[in-house]
Every structure is written in C-alpha cells, then in structure tokens.
Amino acid sequence: MHAPGIWGILVVAVVVILLFGRGKISGMMGEVASGIKAFQKGMKDEDKPVERVATTTADVREPEKKDV
C-alpha cells in the first residue's frame, strides 16, 4: 500500500465539503473547541477542595417503628 497522492486528498476534501458544507464544518469545529474549553474548565475546578458538610446524630432520624 502507498500513501494517498495529492489528487486523492483533493477528491476527499471536495467530497467532504460537498456533503457537509462550509457552514457545518466551521460549526462543528466551534462545538469541538467549546467542548475542549469546558473540559479544561472542569479539570481546573476539580482541583479545588470540596467542603464537607458536618452532620450530627441529631440530624439523622431513625425510621418509625410500626406496631404489628
């Protein structure tokens, strides 16, 4: 097997542009970029320590027992 030549690459590029159109391709790239930014923001937020909520035994109710 050999690598595709310049004509093969051009044919594939033309077919992709015809199928998706220039607007859809640029829209998809914008969505990919916003997804990457959201992922990076989520990774930065994960490094922050999480505050723990203190609970006491008074806060927890025992279930009521039914007389059988």
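Every read-out reported here was derived from the displayed coordinates using simple, explicitly stated rules and does not represent laboratory data. Everything numeric in this text was worked out from a predicted model, so none of it was measured. Note that we place each Cβ from the backbone using ideal geometry, even for glycine, and neighbour counts take in every protein chain shown.
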query = In nm, what is the difference between 0.36 nm times the number of residues separating A13 and D45 and their Cα-Cα distance?
reply = 7.6 nm
query = Which residues in the range 13-27 place their backbone N less than 19 Å from a point set 7 Å from the Cα of A33 along the Cα-to-Cβ direction?
reply = 21-27
task = Enumerate the calculated ³J(HN,Hα) couplings along the range 26-41 in order (Karplus 6.51 cos²θ - 1.76 cosθ + 1.60, θ = phi - 60°), each rounded to whole Hz, writing x wherever the residue is Gly or Pro.
result = 5, x, 5, 5, x, 5, 5, 5, 5, x, 5, 5, 5, 5, 5, 5
